[in-house]
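Pasting in a structure now, in structure tokens, and then I'll have a few things to ask.
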Amino acid sequence: MTTTEIQNPTAAGSGSAATDKFKNERVSADTSPERVAAIAKDALAALNQVILDHNVTYPEYRVLKQWLIDVGEGGEWPLFLDVFIEHSVEEVLARSRKGTKGSIEGPYYVADAPELPSVCELPMRDVDRKETALVFSGQVTDLEGNGLDSAIVELWHADADGYYSQFADHLPKWNLRGKIITDSEGRYEITTIQPAPYQIPTDGPTGAFIEAQNGHPWRPAHLHLIVSAAGKESVTTQLYFEGGEWLDSDVATATKPELILSPTVGDDGKNHVTYNFTLDPA
Ligand code: MBD
Ligand code: FE
């Protein structure tokens with residue numbers, strides 16, 4: 001399926017759309033054969049040990065084989081890997097950082113969103129505007145607290161129904177996505193809407209994997225961000241909401257206590273919250 005075909009927030013829509021997007025990126029890693037051998041050896045040893053420890057049977061082995069085929073054919077590898085594996089890769093990256101805590105990117109980032117000024121509203125439909133508004137303001141600084149001129153806050157999130165633009169056919173291309181350029185002191189004030197909890201598509205192989213162990217497919221409501229500035233390490237992160245459902249049982253294991261917002265209702269009836277980002281030197 002290509003990104004011009006019909007997509008919807010089912011597994012067949014959003015899952016395979018994420019695969020199409022990923023396939024358009026060129027990826028490479030500077031990994032020596034020795035390092036590949038060491039990682040591959042440990043990965044296979046770990047999996048083989050699980051089979052021995054749990055007395056895995058031939059029927060179970062065949063079901064695994066079928067399921068792996070289904071994940072690929074259903075285009076759900078980006079979804080599955082980002083939900084169940086990416087958090088450990090992020091944990092490794094976090095070891096070398098002092099600034100704002102990171103979190104996983106997930107499968108629904110799209111580069112080159114429209115640039116917006118430091119005080120702005122994310123692109124949204126009239127129906128989105130009926131949701132509770134969220135005024136998100138703050139400052140991007142270095143580790144010493146100096147504001148960073150023209151820092152970039154890329155923000156994307158799901159709408160109130162849990163759909164991401166470009167992964168659900170009914171939404172305008174850049175709905176609830178923007179690349180905000182801060183002022184000379186690194187400040188921004190972005191108006192958007194409160195996102196809702198997000199349900200992993202239940203109708204595909206990732207949903208089957210969760211269902212087969214009586215798990216739940218939910219992520220707490222979240223904002224996705226990539227914050228960057230000249231000469232600084234960019235940080236990919238997510239922000240959550242105090243008291244929100246699924247905060248303590250995120251299926252993607254991607255929450256951190258430092259990443260929880262506590263908005264307050266203003267006289268204007270909108271939710272207001274300030275969150276500042278600090279970036280490590282590049
Ligand atoms: C999401 O919205 C998300 O953030 C992740 C990590 C996985 C699936 C959907
Ligand atoms: Fe998300």
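Keeping to region 216-234, report how many residues are outside any loop (DSSP other than H, G, I, E, B) and either of a type in the set (Gly, Ala, Ser) or within 16 Å of ligand 2 (Cβ to nearest atom) (or both). Break it down into steps so the answer makes sense when it comes.
Going through region 216-234, the residues outside any loop (DSSP other than H, G, I, E, B) turn out to be 218-219, 223-228, 232.
If we keep only those that are either of a type in the set (Gly, Ala, Ser) or within 16 Å of ligand 2 (Cβ to nearest atom) (or both) as well, we get 218-219, 223-226, 228.
The qualifying residues number 7.
Residues are listed down the side, and each one gets a yes or a no for (1) of a type in the set (A, V, I, L, M); (2) within 16 Å of ligand 1 (Cβ to nearest atom):
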site	(1), (2)
Phe22	no, yes
Asn48	no, no
Gln66	no, no
Gly74	no, yes
Glu90	no, yes
Leu116	yes, no
Val119	yes, no
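Given the condition hydrophobic (A, V, I, L, M, F, W, C), without any contact (Cβ under 8 Å) to a residue 60 or more places away in the chain, touching a Leu at 6+ places or on another chain (Cβ under 6 Å) and under 16 Å from Leu155 (Cβ atoms), answer yes or no: does some residue in region 177-190 qualify? Even if it seems obvious, please write down each step before you answer.
Filtering region 177-190 down to residues hydrophobic (A, V, I, L, M, F, W, C) leaves 180-181, 190.
With without any contact (Cβ under 8 Å) to a residue 60 or more places away in the chain added as a condition, the list becomes none.
Checked region 177-190: no residue is hydrophobic (A, V, I, L, M, F, W, C), without any contact (Cβ under 8 Å) to a residue 60 or more places away in the chain, touching a Leu at 6+ places or on another chain (Cβ under 6 Å) and under 16 Å from Leu155 (Cβ atoms).
Within region 175-209, which residues are of a type in the set (A, V, I, L, M, F, W, C) and within 16 Å of ligand 2 (Cβ to nearest atom)?
Leu176, Ile193, Ala196, Ile200
Let me ask something additional. Output yes when any residue across region 116-128 is part of a helix (DSSP H, G or I) and surrounded by fewer than 18 Cβ atoms within 10 Å (Cβ to Cβ), and no when none is.
Here is the first cut: in region 116-128, the ones part of a helix (DSSP H, G or I) are 128.
Then drop every residue that is not surrounded by fewer than 18 Cβ atoms within 10 Å (Cβ to Cβ), which leaves none.
Scanning region 116-128, I find no residue that is part of a helix (DSSP H, G or I) and surrounded by fewer than 18 Cβ atoms within 10 Å (Cβ to Cβ), so the answer is no.
Which condition from (1) away from ligand 1 (no atom under 16 Å from the Cβ); (2) over 27 Å from Val27 (Cα atoms); (3) at pLDDT 95 or above is the one that His170 breaks?
The one condition His170 does not meet is (3).
Are any residues in region 77-107 within 16 Å of ligand 2 (Cβ to nearest atom) and without any contact (Cβ under 8 Å) to a residue 24 or more places away in the chain, and if so, which ones?
Taking region 77-107 first, the residues within 16 Å of ligand 2 (Cβ to nearest atom) are 78-87, 90, 102-107.
Of everything in region 77-107, those that are within 16 Å of ligand 2 (Cβ to nearest atom) and without any contact (Cβ under 8 Å) to a residue 24 or more places away in the chain turn out to be Leu81, Ile85.
State whether the residues of region 244-260 include one that is at pLDDT 95 or above, assigned to a loop (DSSP other than H, G, I, E, B), exposed (fewer than 14 other Cβ atoms within 10 Å of the Cβ) and within 16 Å of ligand 1 (Cβ to nearest atom).
yes
Among the residues of region 92-106, write down those that are over 11 Å from the mean Cα position of the chain (by Cα), among the charged types (D, E, K, R) and surrounded by 13 or more Cβ atoms within 10 Å (Cβ to Cβ).
Start the filter on region 92-106 by keeping residues that are over 11 Å from the mean Cα position of the chain (by Cα), which leaves 92-101.
Remaining after also requiring among the charged types (D, E, K, R): 95, 97-98, 101.
Selection gives Arg97, Lys101.
The values are calculated or read from the model by the stated rules, or taken from the named source; none is laboratory data. Here the structure is a predicted model, which means the values were calculated and not measured. All Cβ positions, glycine included, derive from the backbone under ideal geometry; neighbour counts span all protein chains shown.
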